[in-house]
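Each remark here refers to the structure printed beneath this line.
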Amino acid sequence: MSNSSSSSTSQIWGGRFKSGPSAVMEAINASIGFDKRLYRQDIAGSRAHCKMLAKVGVITEADRDAILDGLAQVEQEIDAGTFEFSSALEDIHMNVETRLKALIGEPAGRLHTARSRNDQVATDFRLWVREACDRVQGQLQALQNAMITQAEQHYATVMPGFTHLQAAQPVTFGHHMLAYVEMFGRDRSRFADARARMNECPLGSAALAGTGYPIDREMTARELGFDRPTYNSLDSVSDRDFALEYMAAAAITATHLSRLAEELVIWTSAQFRFVRLPDELSTGSSIMPQKRNPDAAELVRAKAGRVIGDLNALLIVMKGLPLAYSKDMQEDKEPVFEVSDTLDLCITAAAGMIADLTVNVARLRDQAGVGYTTATDLADWCVRKLNVPFRRAHEIAGELVKMAEDRGVGLEDLSLADLQSIEAGITEDALACLTVEYSVAARASYGGTAPDNVKAQAALARQRFVDSEGNG
């Protein structure tokens, strides 16, 4: 191996080894290819640690100032793209520290006093995941905003509601949009909960046992915006629950996005024609000129598999590790980074699709009654007006559905005489309950699909999720 690599190895590992690693060892051991994304967090952690060491008298104020100035220059170089990362230096921590030494000399060697790369990476990674939680909550809020806007516009737009993907009862398009608003609201709350739980600072736990230096962990925690230092040094360096919780919340969010995407794929088909996606998020076919493919929705649907797979990958990495740190944990970052990138893209795509969605109001209204979706309303009328048990009312409505089905007509096409042939007590006012407008208006229970309800719930959702900073 080269002299430079050997020198770098000696710098990292001290005098324990006579020679540096082989090329294979260097390749499998290095993480700089992906953990360089942590550079801002790594430098922030080093700044906080440096200030604390000076405050408690472990390093001088002159060394502190030199280190802080050097860290600022390192950050500027990385920001500018002029920093040369080296795989021989393994990770972001040693790349930064080595450059710091080149810039300021001996004081750089004092920075690592009372810390280890174990607590350093645990701190960096928490900071990064904490920012990812904040970012995704903002993105989900933008998606909710787009959905609430659609709900406000279509609070009275009637459409078929489904169970088992079979026509069930009429609902409104606004009601359907607000269902997803609630789902994404729960997602936001999960990220907020995960963020609150991870907001403890591992810095100062050192390799695993703490340190004999008189450090002030409360100070570094405050400096980095944490609520408090972590309580146990062993747990501090071996914990990756914060990453798993973030990924678990992301997997549930990706599942919700996939469900939404599946509906968009169905709704945009020629057989449904419920909605039209914007041109910018659709594609054509290389052979079929008539095609308009919902590729953005399909890819959002597919990418849920990546997110779920990444969560499983880290769970499997962590499941058998004894305390405290093991090198296996270097495998934690790539799946988290991929989850973050994937989720960012999927939420942005979903928000774009919803914001510019064209709703085919006439088609939705035409299809709202297909499949005898007002049969339950007829059964409910029999309960209220004829005072029969619901099970008997269900039988009456079921027989009338069969009659209409045999004739190839809708329930609303049956005459009063037809209805009375099954139940003599049915009167003319029962005919009114067979319209889809009646059906949705009748569902006025709290949380139901009645247009007035939906209008009020859209306003409440805007207050809960958009106008305030809360998560509902």
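The values are calculated or read from the model by the stated rules, or taken from the named source; none is laboratory data. Just so we're clear, the structure is a prediction, and the values are computed from it rather than from any experiment. Virtual Cβ from ideal backbone geometry, glycine too; neighbours counted across all protein chains shown. For accessibility, only protein heavy atoms count, side chains too; no ligands or nucleic acids. Shrake-Rupley method; radii C 1.70, N 1.55, O 1.52, S 1.80 Å.
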**Complete:** Computed about the Cα centre, the charge dipole of segment 371-461 from +1 Lys/Arg and -1 Asp/Glu charges at the Cβ has a magnitude in debye, to the nearest 20, of 380
**Message:** Just to confirm my numbers, what's the Cα centroid distance between segment 329-403 and segment 108-161 in Å?
**Reply:** 28
**Neighbourhood net charge (13 Å Cβ-Cβ; Lys/Arg +1, Asp/Glu -1) for Thr358** = +1
**Fill in**
Projecting the Cα atoms of Pro322, Leu165, Ala297 onto the charge dipole of the chain, where Lys and Arg contribute +1 and Asp and Glu -1 at Cβ, the residue farthest towards the positive end is Pro322
**Note, ³J(HN,Hα) from phi for segment 42-55, Karplus 6.51, -1.76, 1.60, rounded to Hz, x at Gly and Pro** = 5, 5, 4, x, 5, 4, 4, 5, 4, 4, 5, 4, 5, 5
**Message:** Using a Förster radius of 45 Å, what is the FRET efficiency between Ser269 and Asp79 based on their Cβ-Cβ separation? Nearest 0.05, please.
**Reply:** 0.45
**Prompt:** Can you tell me the accessible area per residue over the chain, all protein chains present, probe 1.4 angstrom, in square angstrom?
**Reply:** 46
**Nearest-ten-degree value, helix 92-104 long axis tilted from longest Cα axis of the chain** = 40
**Under the Karplus curve 6.51 cos²θ - 1.76 cosθ + 1.60, θ = phi - 60°, whole-Hz ³J(HN,Hα) for segment 391-399, x wherever Gly or Pro sits** = 4, 5, 4, 4, 5, 4, 5, x, 5
**Complete:** What the Cα atoms of segment 176-298 span along the principal axes, largest first and in whole Å, is 73, 33, 22
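Please compare each pair in Lys385/Lys455; Lys36/Lys327; Lys101/Lys327; Lys303/Lys327 to a cut-off of 21 Å on the Cα-Cα distance and tell me which ones are over it.
Lys385/Lys455; Lys101/Lys327; Lys303/Lys327
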**Prompt:** Of Phe191, Leu208, Ala417, whose Cα points farthest to the positive end of the dipole of the chain (charges on the beta-carbon: +1 Lys, Arg; -1 Asp, Glu; origin at the Cα centre)?
**Reply:** Leu208
**Item:** chymotrypsin sites (Phe, Trp or Tyr not before Pro) within segment 371-448, DSSP loop, no more than 12 other Cβ atoms inside 10 Å
**Value:** Tyr446
**Residue-level accessible surface for His176, protein heavy atoms, 1.4 Å, Å²** = 40
**Asked** Put +1 on the Cβ of each Lys and Arg and -1 on the Cβ of each Asp and Glu in segment 371-461; which of Gly448, Leu434, Thr374 then has its Cα farthest toward the positive end of the dipole?
**Response** Gly448
**Complete:** Surrounding charge for Arg99, neighbours by C-beta under 11 angstrom, Lys/Arg +1, Asp/Glu -1, total -3
**Asked** Which number do you get for Rg(Cα) / (2.2 N^0.38 Å) in segment 371-461?
**Response** 1.18
**Fill in**
In deg cm²/dmol, rounded to the nearest 500, the helical mean residue ellipticity at 222 nm of the chain, built from -39500 (n - 2.57) for every DSSP H run of length 4 or more, is -20000 deg cm²/dmol
**Accessible area (Å², 1.4 Å probe, nearest 10) - Arg64** = 60
**Fill in**
Taking only the alpha carbons of segment 39-116, the radius of gyration and the largest Cα-Cα distance, Dmax, both in angstrom, are 11.8, 35
**All aspartates and glutamates inside 18 Å of Lys55 as judged from Cα atoms, apart from same-chain residues fewer than 8 positions distant** = Asp63, Asp65, Asp69, Asp216, Glu218, Glu223
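Using a simple charge model, +1 on the beta-carbon of Lys and Arg, -1 on the beta-carbon of Asp and Glu, nothing else, what dipole does segment 23-111 show about its Cα centre, in debye to the nearest 20?
Dipole about the Cα centre, nearest 20: 280 debye.
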**Complete:** Which residues qualify? For Gly161, with a placed amide H closer than 5 Å and at least 5 residues away or on another chain, they are Ala168, Gln169, Val171
**Asked** Using the alpha-carbon atoms, what tilt in degrees (0 to 90, nearest 10) does helix 61-80 show relative to the longest principal axis of the chain?
**Response** 50
**Complete:** The correct ranking of Ile148, Ile266, Ile308 by accessible area at 1.4 Å, largest first, is Ile308, Ile266, Ile148
**Prompt:** Using every alpha carbon pair in the chain, what percent of pairs falls into each 20 Å bin from 0 up to the bin containing the largest distance?
**Reply:** 20, 38, 25, 13, 4, 0
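State to the nearest 20 debye the size of the charge dipole of the chain about its Cα centre, where the only charges are +1 on K and R beta carbons and -1 on D and E beta carbons. If you can, show how the numbers build up before the last one.
Values: 49 positive and 64 negative charges, 121 e Å.
I would put it at about 580 debye.
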**Item:** In degrees, nearest ten, helix 375-386 long axis to first principal axis of the chain (Cα)
**Value:** 60
